[in-house]
Structure formats: C-alpha cells, structure tokens
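Just so it is clear, none of the values below were taken in a lab; they were calculated from the coordinates. Bear in mind the structure is a predicted one, so any value in this text is a computation, not a measurement. We place every Cβ from the backbone using ideal geometry, glycine too, and count neighbours over all the protein chains shown.
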Amino acid sequence: MLISQLRDHLRALGAKPAHEQRILRAWLQGQPLTAGRKKAEDVLPLAVRDALPGIETELTALATLRSSHPGEDSSARLLVGLLDGQTVESVLLPRDGLCVSTQVGCAVGCVFCMTGQDGLLRQVGSAEIAAQLVLARRQRTVKKVVFMGMGEPAHNLDNVMEAIEVFGLYGDIGHKNLVFSTVGDPRVFERLPQGPVKPALAVSLHTTDAKLREELLPRAPRLDPAWLVEQAEAYARATGYPIQYQWTLLEGINDSEAELAGIVRLLAGKYGLLNMIPYNTNEGLPYQRPSWDKARAIARRLTEAGVLTKLRDSAGQDVDGGCGQLRAREKEKFEP
Ligand code: SF4
C-alpha cells in the first residue's frame, strides 16, 4: 500500500484535509488513529469512523517484528516481516535514530554488501517505509530517520519522497533529521530540492577513483566522483545541511595513499564531513576489515588535512547484523 492510496481512500470516505492529516499524524506517531480530537468540529465523518478499525488493522499488518537483536551500543537490529512474507531490516540507532529499508534487496550490487548479492527483489512501498517507523516507535522514541538500510533510495524515489514528505510534515521529525542516503544519481539532485520537505543528504563515495568505483559499485550510475561531490556541495549550500560522505574502509582496497590524496582533493573545504566505517568482515565475501588503529590514523590524517573525518562503527556489529546479514541468516534458516 502507498500512503497516497491511504489518503485517497480517506478522502473517498469523506475525510477533509484536516481529518486526513490528523489520522496520518496519529498513525506515524504510533497512536490510535482516532487520536487528536480536540473540538466538536474535529469529529470525523461517520464513514471514516466506521472504516478506521479496519484501516488500523491493515496498517499494523504492513510491518511486523520477526526478531530483535540488541547491540551493546544501545542499537538494535530489527528483522521486519512484510505482508507478502518478504523481510527487511530496520535498525534502532543510539540517540533516538532509526535506519529504514527502502527496497527488498538492491540492484546496485556493491561487492562488499550482503544486500547487494541477491539483486533487487522488490520495492518497499511508501506505507511500508512508514510502517517501519511506526513499528520502531512502539519500541522506543524516534527523532531521526536515515534511509540507509537495505536498498538504494534513488531507485525507489517516488516511495521514498512520499515517506519523507509525511515524516517531515506529520511525523514530528525535523527535516534535517531525515537523511536520504544514496550512491549518487542525477535524479536525486533534481528531485530533492523540489520537495516540500528537504532532507539532509548522505552520499556513499567509497572511492575517489572512477574506475575502482565501477568495480566496487558495479550497477551504480557511472558518475565521476568529482561531479558527485560538486552536486552534493550545491545541495548542502542550498539547504544549509552539511553532506555526510560515507566511506566503507576496505583493507588494501580503498585505503591507499592515492585514495587519501584523492579525498583531500575532493573534500577539503567542502560543506560536509566524512564518515569512515571500517568494513564489517563478512563470511562469504572476500574483503577484510582494517585494524581500528589503522583506521584511526587515517581519520586523524584526513582531519589534519582539512577533511573533517569521523570514524564510525556500523551499529549493531556485535550482533552480526551488518546491512543485509540478518535477512541472509534468516533465509539460510528456511532455505538450507
Ligand atoms: Fe545497495 Fe547499499 Fe548494499 Fe550498495 S551498500 S548494494 S547501495 S544496499
């Protein structure tokens, strides 16, 4: 189900825009759909009132908790079941954050990512993205949503933009606390500035070498990293939100002197920061995690050279749940 279909349905039942917004607000904030009545004129039309219990049941069924895997850093990975039996992962992040999935599988096929191994299985509908937020809010407070789970948001742009719009307008999430994460796609730079809610932007760079990028992200759009940074910089200046550049650090692959020089060349003086995430070693994939000391030394050098670099661990790593791993494990259980 799409959020637009839910809205059309409510309108067809006689809901006024104020009713519709109130119902969306109640849903996204994890309250009963009838919540929010303050004045006599707030009374919902009878047809809407009669339909709400059924709608509530349908919305609740969109995303159900299959399993929860708490990590030591107060993160928790959630394996979320969708109505057709597919699963995606959401991650409760420290400091009231939530990471949601936008696709089942992913077509970009990053060679170091479990999600990319199966290709794209299907899009996650806008209401299913919203249902991940509602499910998470039943576990704890959520004030920030990052679209960084399974999938490439740019490949499911209509659904993601619809979710961003309602999260920002009715979900009580500050616009700069909505983070659209992409490997880079020209459509992102066309669409994001036009929406009523402009999210912050994270760009997965991983390398400054266009040739190596084609190998690491085989089905990402063929974009020159310098062009990508230029577009991201323009968006950052227009919105006032710094860009988060993501860099999965792979031992012996993208940690060379040439790469560090490339990072300084592209990012020094830019309105952004570099999140460097040492790769989570993954059985079945041939990549290695660099030592924490090495990663720390790289981050320090880059910061000294004018690129603010934060070293981050991928949340929930201690529960063996890097992006796509929970789903892969679950699949193994049922398809040995
Ligand atoms: Fe897709 Fe992200 Fe995995 Fe790349 S890292 S394959 S973009 S889910």
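Calculated FRET efficiency, Ala47 to Arg187, Cβ-Cβ distance, R0 = 35 Å: about 0.35 to the nearest 0.05.
In this calculation the C-beta distance from Ala258 to Trp292 is compared with R0 = 30 Å, giving a FRET efficiency of 0.85.
Only four residue types carry charge here, +1 at the Cβ of Lys and Arg and -1 at the Cβ of Asp and Glu. Report the dipole size of region 71-137 about the Cα centre in Debye, rounded to the nearest 20. Each step should come with its number before you reach the end.
Working: 4 positive and 7 negative charges, 22 e Å.
The dipole of region 71-137 has a size of about 100 debye.
As a proxy for reagent exposure, Val48, Val100 were ordered by neighbouring Cβ count within 10 angstrom, fewest first; the result is Val48, Val100. For the chain, modelled as a GNM with alpha-carbon contacts under 10 angstrom, which of Leu98, Leu178, Leu250 fluctuates the most? The residue that fluctuates most here is Leu250. Taking a ≥ b ≥ c as the square roots of the eigenvalues of the Cα gyration tensor, an a/c ratio of 1.5 or more together with a/b larger than b/c marks the chain as prolate. Among 106-113, 75-82, sorting by the average number of other beta carbon atoms lying within 10 angstrom of each residue, highest first, gives 75-82, 106-113. The phi torsions of region 112-117, fed into the Karplus equation with coefficients 6.51, -1.76 and 1.60 and a -60° offset, translate into couplings of 9, 10, 5, 4, x, 5 Hz, rounded to whole numbers, with Gly and Pro shown as x. Think of each Lys and Arg Cβ as +1 and each Asp and Glu Cβ as -1; about the Cα centre, that makes the dipole of region 64-109 roughly 60 debye. Relative to the longest principal axis of the Cα atoms of the chain, helix 325-334 runs at roughly 70 degrees.
Looking at the chain only, what percent of DSSP beta bridges run antiparallel? Nearest 5 please. If you can, show how the numbers build up before the last one.
Numbers: 19 of 42 bridges.
If we restrict to bridges inside the chain, about 45 percent are antiparallel.
Amide H to amide H, with H built 1.01 Å from N, Ser204 comes under 5 Å of Thr182, Val183, Gly184, Gln246, counting only residues 5 or more places away or on other chains. Each of His9, His155 was scored by other Cβ atoms within 10 Å of its Cβ. Arranged with the fewest first, they read His9, His155. With a Förster radius of 51 Å applied to the C-beta separation of Glu215 and Thr57, the computed FRET efficiency comes to 0.60. State the Cα centre-to-centre distance between region 160-228 and region 65-107 in whole Å. Centre-to-centre (Cα) distance: 20 Å.
The angle between the Cα long axis of helix 157-170 and the main principal axis of the chain comes to about 60°, on a 0 to 90 degree scale.
Direction-averaged shadow area of the convex hull around the Cα atoms of region 201-316, nm²?
On the way: hull surface 29.7 nm².
Across all orientations, region 201-316 yields a mean hull projection of 7.4 nm².
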